Amino acid sequence: MSNVTDAKPQATAVPASGLKKFWADFSESRLALFALAVFSTILFIALFAPWISPTNPYDLGSVDIMNSRLPPGSEDFAGNVYWLGTDGAGRDMLSSIFYGLRVSLGVGAFSGIVAMAIGATIGLAAAYFGGRLETIIMRIVDIQLSFPSILMALIILAIFGKGVDKTIIALVLVQWAYYARTARASALVEKNKEYVEAAQCLALSDRRIILSHIMPNCLAPMIVVGTLQTAHAISLEATLSFLGLGLPITEPSLGLLIGNGFEYMYTGDFWISIFPGVALLITIVSINLVGDQLRDIFNPRLQK
Amino acid sequence: MKPILQIENLQTHFFTKAGVVKAVDGVSFDINAGEVVGLVGESGSGKSITGFSVMGLVDAPGKIVGGRIMFQGEDIAAMSPQQLQSLRGNRISMIFQDPMMTLNPVLRVETQMVEAIKAHDSMISKSEARARARDALGLVGISAPEERMRAYPHQFSGGMRQRVSIAIAMLNRPDLIIADEPTTALDVTIQGQVIHEMQRLCEATKTALLCITHDLAVVAGIADRICVMYAGRVVEQGPIASTISQPLHPYTRGLMGSVPSQNRRGQPLQQIDGMVPSLLNLPSGCAFQNRCAMVSDKCLSEIPEPIDVGEQRLVRCVNVGQEPAS
Amino acid sequence: MTAFILRRSLQSLIVLFVMSLLVFGGVNMVGDPVDMLISPEADQMEIDRVIRDLGLDRPVTEQYWYFLVNAFKGELGRSFIFGEPALKLIIQRMPATMELALFSLLLAVVFGIPLGVYAGLKPEGKLSRTIMAGSILGFSMPTFWVGILLIMFFSVNLGWFPSTGRGETATYFGMTSSIFTADGLSHLFLPAFNLALFKLSSVIRLARAGTREVILQDYIKFARAKGVQESRVIRVHLLKNIMIPIVTVIGLEFGSLIAFSTVTETVFAWPGMGKLIIDSIYNLDRPIIVAYLMIIVLIFVTLNLVVDILYSFLDPRVRIKGAK
């Protein structure tokens, strides 16, 4: 269709296989590489927070109200340096952020994985079995997706109440539809390809066809959606916690820290709210950047 | 009579990540007033890019890097964007390949025709412009033009859409129309109609036509002269009758021989062995060397220049006139 | 055309119906409806009265019927905290939220489309890269945090804008809004900008993606081949083609603006529906929650319907039958 095609021949180089090619494509964006490095650091911090954190802010014995609201970089009487200051109760901000990252990342990732499992199953089943089942399922998916996630989360929390488990349930219920839709879309593309027909001719069981044949080819888009959705889930959880509706104070996520620090902003003690916010921002942005690059790599329309 | 278009050693290269693609690499030919010139070649020969170069519509990463395109005394390759813009659709028009994609689907046909008129005559009134558009539609054989103008492109059939494109091309009475694969996207039964229409109009208005196509049948029916392109160069040009009946360049011979109607029933179809070389990696010397039955040492070392063999025929072959060793 | 509208309207009604079932189910089946709908402070006589009034001693189907009937009449319970009918409270707050949402939408569109188109036309330029980087940030930053940042910079540090509340309103053309007063605008700007940021990023990315795709199309090249001015090519040919997906998304996302206003209103103490619902969830003021849900569902369904109809107007291929 394009009039320029008669001047652009195929590149003669043969692309390297699988993983190597993937890494080569991914590394084309220095920004994405940087984001990946940053995210890996954050992941490390989240996993090993109890061991690498300077203090344990939730050990009531070690927290002294006399240290409250110290600006960043100050020292207390015992010689501890609070690099990012302390909050209203005297807890070290740096440590709180480490633990907060742990909770935020944990809840976000966990809900994402569960949502992916549920959504992918439903989406794949819908695509594979087709017919009325598919229509009904996709209708539900469409309707749910037309409601903003925050609203859904609010409704669920309003009905069921607060708590870690209920927050995770809310996050899962909000996200599954994205995964279902993506899974179904890629499954549909795959289903119409010939190798599925061939497998069906061999009378393989439905379950085997879906699991061994269709699913591996749908992985790429699912991974892209997974990364972007996880960032979204973390953001959503932070918002809910900030509003006081998400996680309880015993499992403080970054959102809760920000929320707690909000009131101190007006008196100029900005660090109590801002630093957790920066940590949250870095987390979300790095995941989004990685996800963006993944999406560009896997998008056939942008292939050279 | 001086030609209205003189392309002199045109070079249009594409600077891609994989390397420099020399899509057009030394193309020269003329078009006289009122003449129909056929520019033929297979995909990748550079014929469409030649057409776009004349219009100044080469997209990045392509650029005209050498040569001149003399149109009525001025060099198009050196024109500013404003000069180009006043030239296009006005003195030189273009018809594209796929009429489905060349008309904007969300704008009415009338809008797209009126804007072509107003782009070059800002003083004209809308009703006058509409009248001209309506007449143009009537000229290309579209019935009830007044109503059909208000329609959207998707409401026309393929052949009709191409007629609309032709009408648009003729709106401002250009001196030259460039038609890029005008019939390729159409049904075979419609192709004849559209070609006939174009021929009739060009004769009536004395408009020159550059017909770019890979379809030899189209060219044979409509052209006065023919230029054959291969891998970015014109390998043979001359009057239509003599070039088709007695092709001189090995590639042209192969082309003419491979047309199914030229072959006798029951005989295997003739074909040209080998493949077009990659435009990223052209060989030194003649680009046809790996497929030519008459290839000699000279062919490998130097790019053949066009040789004048009389009767207004030019051939880029050092072995012109010789028969292939059998 | 009318067939299309009728069909979509019918679908919307079905969705409304299903949602009302879900809300009803959620409220009445999860947990004790007595707790849900009756103030914890009521004494036994009050409880009995309300049970009779609300028909809680009747079979579930009858209850649902009453629920629907009451909903139509506008009776969705009384707030525990304020003692007023829940619906009335919500409607009182709606103009403030609508004002915020609409102004944000305006900001997002007016700035987003030009920025996005520019980034699409010159994707390698420095300004374009900056715009895209900015849009990733805008997309990633949670609304509440942007709000906090805005307050910190522009209110606490620079003192340019007030940080909380809604300003004075004035009435023109029968509309009361705070955009008509300078004080009102200064109060409106920060929260509107906050709400708009997320949308702005989406619009920019959409406009850029659309531009990049459309600019390669043959009809753009053909328009240039006709000698049409580049400015008109962009203004008419390009814009009209990218508007279709943008309008669809904007229309649907207006709903999310209303949803996210819950956050912005809380951060900026803006007296709208959003703040009300957050406070109510916190205070377990369930009648308001129920009423809010029904209203929101109604808004959403209507919005979807309107956008669908609007879409068919914009794309003549959908509107005129026989389109391929």
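The values are calculated or read from the model by the stated rules, or taken from the named source; none is laboratory data. Please read all numbers here as calculations on a predicted model, not as lab measurements. Neighbour counts are summed over all protein chains in view; Cβ atoms, including those assigned to glycine, are modelled from backbone coordinates with ideal geometry. Keep in mind that these areas ignore ligands, DNA and RNA; they rest on the heavy atoms of the full protein, side chains included. Shrake-Rupley method; radii C 1.70, N 1.55, O 1.52, S 1.80 Å.
Structural remarks
- When the protein assembly as shown is described by a simple charge dipole with +1 on each Lys and Arg Cβ and -1 on each Asp and Glu Cβ, the residue from C:Pro245, B:Ala208, B:Gln85 located farthest towards its positive end is B:Ala208.
- Scaling the Cα radius of gyration of the range B:102-224 by the globular reference 2.2 N^0.38 Å produces a ratio of 1.04.
- Using a cut-off of 27 Å between Cα atoms, the listed pairs B:Lys63/C:Lys126; A:Lys21/A:Lys193; C:Lys122/C:Lys221; C:Lys88/C:Lys275 include none that exceed that distance.
- Interface size, chains A and B: roughly 1200 Å² of accessible area buried, both sides included, 1.4 Å probe, rounded to the nearest 100.
- Here chain B is treated with +1 on each Lys and Arg Cβ and -1 on each Asp and Glu Cβ, and its dipole about the Cα centre works out to around 520 debye.
- Magnitude of the charge dipole for the range B:271-313, about its Cα centre and with charges confined to Cβ atoms of Lys, Arg (+1) and Asp, Glu (-1), is about 140 debye.
- Secondary structure note: in the protein assembly as shown, about 65% of the DSSP beta bridges are antiparallel.
- Which of A:Thr55, A:Ala37, A:Ser95, positive extreme of dipole for the range A:20-102 (C-beta unit charges): A:Ala37
- Three-way shape label, the range B:208-249, alpha-carbon gyration tensor, a/c 1.5: oblate
- Kirkwood Rh and Cα Rg combined as Rg over Rh, evaluated for the range A:221-304: 1.15
- Hydrodynamic radius (Kirkwood) for the range C:115-231, which is based on Cα pairs only, to one decimal in Å: 17.0
- Scaled to the globular estimate 2.2 N^0.38 Å, the Cα spread of the protein assembly as shown, given as radius of gyration, is 1.17.
- On association of chains C and B, roughly 2500 Å² of accessible area becomes buried (total for both chains; probe 1.4 Å).
- Simple rule: put +1 on each Lys or Arg Cβ and -1 on each Asp or Glu Cβ in the protein assembly as shown, find the dipole, and look at C:Ile204, C:Val233, C:Met273; the Cα lying farthest toward the positive end is C:Val233.
- Other-chain or far-sequence residues with amide H under 5 Å of B:Met229's (modelled H): B:Val40, B:Gly41, B:Val235
- Computed label-point distance, nm, for sites B:Met294 and B:Glu203 using a 7 Å Cα→Cβ extension: 3.5
- HN-Hα J in Hz across the range B:273-290 - Karplus 6.51, -1.76, 1.60, θ = phi - 60°, x for Gly and Pro: 5, x, 10, 4, x, 5, 6, 7, 9, 5, x, 6, x, 5, 6, 8, 4, 7
- Calculated on alpha-carbon atoms, Rg and Dmax of chain B in Å: 20.7, 68
- Placing a pseudo-label 7 Å from each Cα along the Cα-to-Cβ vector at A:Val81 and A:Ala37 gives an inter-label distance of 2.4 nm.
- Near the amide H of B:Ile307, within less than 5 Å, lie the amide hydrogens of B:Val315, B:Arg316, B:Cys317, all on another chain or at least 5 residues away, with H placed in the peptide plane.
- Interface C-A: total buried accessible area of about 3500 Å², 1.4 Å probe, protein heavy atoms only.
- Alpha carbon convex hull of the range C:197-324, projected area averaged over orientations, nm²: 10.6
- The HN-Hα couplings worked out from phi for the range B:155-167 by the Karplus form 6.51 cos²θ - 1.76 cosθ + 1.60 (θ = phi - 60°) are 8, 9, 7, x, x, 4, 4, 5, 4, 4, 4, 5, 4 Hz, whole numbers, x standing for Gly and Pro.
- Under 5 Å, built H, 5+ apart or other chain: amide partners of B:Val65: B:Gln11, B:Thr12, B:His13
- Within the protein assembly as shown: Cβ-based charge dipole about Cα centre, in debye rounded to nearest 20 (Lys, Arg +1; Asp, Glu -1): 2320
- Phi angles across the range B:300-308 convert, under the Karplus curve 6.51 cos²θ - 1.76 cosθ + 1.60 with θ = phi - 60°, into 3J(HN,Hα) values of 7, 9, 10, 6, x, 8, x, 9, 7 Hz, Gly and Pro given as x.
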